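Chemist: I have a structure here, written as structure tokens, and I will follow up with some questions on it.
Quick note: the coordinates plus some simple rules give every number you see, no bench work behind them. The shown structure was predicted, so the numbers you read here are calculated from the model rather than taken from an experiment. All Cβ positions, glycine included, derive from the backbone under ideal geometry; neighbour counts span all protein chains shown.
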Amino acid sequence: GAVVSQHPSRVICKSGTSVKIECRSLDFQATTMFWYRQFPKQSLMLMATSNEGSKATYEQGVEKDKFLINHASLTLSTLTVTSAHPEDSSFYICSARDFGVGAVAKNIQYFGAGTRLSVL
Amino acid sequence: AQKVTQAQTEISVVEKEDVTLDCVYETRDTTYYLFWYKQPPSGELVFLIRRNSFDEQNEISGRYSWNFQKSTSSFNFTITASQVVDSAVYFCALSEAGSNDYKLSFGAGTTVTVRA
């Protein structure tokens, strides 16, 4: 399968600082990337959809000023958690959609390894 | 409304037993995709399989097999002769052609524990 790289894998920061998380598709171009948040023992919650060259689309209840998303190229999307607070501590996972080429849509989301954010 | 239901929260088996994970989905779209992902303790989601709504063929890949039945809106997953390395959380997901960007709707996940 395709490879999606996510960095950093773990971040510990003080309250009030901003944290940037990178998501890269290594061997395919991804016009669409997604950012998820996962709480312990729960499923993935979609935060936003990121399309290359356009503004991200946020899910209801997700603060766009708190979670800044940039998708500047076909292989890179970034999530910046601004002025992080302890309640932002969570596991953040990105995915990149490989739509494929040709008549048959591949349409598979490949996921990064996740970033565990701890805000003190 | 929950689009994907995984009724089993946790399953515990002894190594070499078979385990079947249930997945029931709900959609009004005629074109949709179904997925299974594995999330081991490390956290990364590993893609296992994708099925589109027009392909009801069952599939076998090694010890894994999938049973897709549109009549019952189910896409069940069986691990044959389970091994300790199969211990993980397994998510079933649905992607609808009618949704923006083919977003994934995930089930709650089933935690599989395989004991030696």
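Chemist: With +1 on the Cβ of every Lys and Arg and -1 on the Cβ of every Asp and Glu, and nothing else charged, how large is the dipole of the protein assembly as shown about its Cα centre, in debye rounded to the nearest 20?
Modeler: For the protein assembly as shown, the charge dipole is close to 440 debye.
Chemist: Okay, next question. For a quick check of your reading of the filter: which chymotrypsin sites (Phe, Trp or Tyr not before Pro) in the stretch B:27-114 sit in a DSSP loop and have no more than 10 other Cβ atoms within 10 Å?
Modeler: Filter output for the stretch B:27-114: B:54.
Chemist: Once you charge only the Cβ atoms, +1 for Lys and Arg and -1 for Asp and Glu, what is the size of the charge dipole of chain B about its Cα centre, to the nearest 20 debye?
Modeler: Dipole size: approximately 60 debye.
Chemist: Just the Cα atoms of the protein assembly as shown: what Rg and Dmax do they give in Å?
Modeler: When restricted to the Cα atoms of the protein assembly as shown, Rg and Dmax are 17.9, 53 Å.
Chemist: Report the residues of the stretch B:44-76 in range of a label on residue B:17: point 7 Å along Cα→C-beta, backbone N strictly under 13 Å from it.
Modeler: none
Chemist: Give a quick list of GluC sites (Glu not before Pro) in the stretch A:30-120 that DSSP marks as loop, anything other than H, G, I, E or B, with at most 13 other Cβ atoms within 10 Å.
Modeler: Within the stretch A:30-120, the qualifying GluC sites (Glu not before Pro) (loop, at most 13 other Cβ atoms within 10 Å) are A:63.
Chemist: Shifting gears a bit: When the gyration tensor of the stretch B:39-116 is built from Cα positions, what are the square roots of 5 times its three eigenvalues, in whole Å, from largest to smallest?
Modeler: The three semi-axes for the stretch B:39-116 are 24, 17, 10 Å.
Chemist: If you don't mind, there's one more thing I want to ask. Around residue B:17, which amide H atoms from residues at least 5 apart in sequence, or from another chain, sit under 5 Å from its own amide H, with H modelled in the peptide plane?
Modeler: Here B:82 satisfy the definition.
Chemist: Just the isolated ones, please: cysteines in chain A lacking another cysteine beta carbon under 4.7 angstrom.
Modeler: Flagged as lacking a Cys partner: A:13.
Chemist: Using DSSP to call loops (not H, G, I, E or B), can you name the trypsin sites (Lys or Arg not before Pro) in the stretch A:13-120 whose Cβ has at most 16 other Cβ atoms within 10 angstrom?
Modeler: A:14, A:41, A:55, A:64, A:66, A:106
Chemist: So if I take the centroid of the Cα atoms in the stretch A:48-110 and the same for the stretch B:63-98, what is the distance between those two points in Å?
Modeler: Spelled out, the Cα-based centre of one part sits 26 Å from the other.
Chemist: Right, next: Return B:61, B:73 ranked ascending by Cβ neighbour count within 10 Å, so the fewest neighbours appear first.
Modeler: B:61, B:73
Chemist: List the relative contact order of chain A as a percent without decimals, with contacts defined as Cα pairs under 8 Å and 6+ residues apart.
Modeler: Relative contact order, chain A: 36 percent.
Chemist: Now, a different point. Would you mind getting me the FRET efficiency between residue A:118 and residue A:64? Use the beta-carbon distance for r and R0 = 25 Å, nearest 0.05.
Modeler: Once the sixth-power term is evaluated, E becomes 0.60.
Chemist: While we're looking at this one, here's another question. Which whole-number percentage describes the relative contact order of chain B, with Cα contacts under 8 Å and a sequence gap of 6 or more?
Modeler: Normalised by residue count, the contact order of chain B is 38 percent.
Chemist: Using the Karplus equation 6.51 cos²θ - 1.76 cosθ + 1.60 (θ = phi - 60°), what ³J(HN,Hα) coupling, rounded to whole Hz, does each residue of the stretch B:30-36 give in order, writing x for Gly and Pro?
Modeler: Result, ordered by residue: 8, 10, 7, 10, 10, 9, 10 Hz.
Chemist: While we're on this one: Please report, in debye to the nearest 20, how large the charge dipole of the stretch A:1-104 is about its Cα centre when each Lys and Arg carries +1 at its beta carbon and each Asp and Glu carries -1 there.
Modeler: 200 debye
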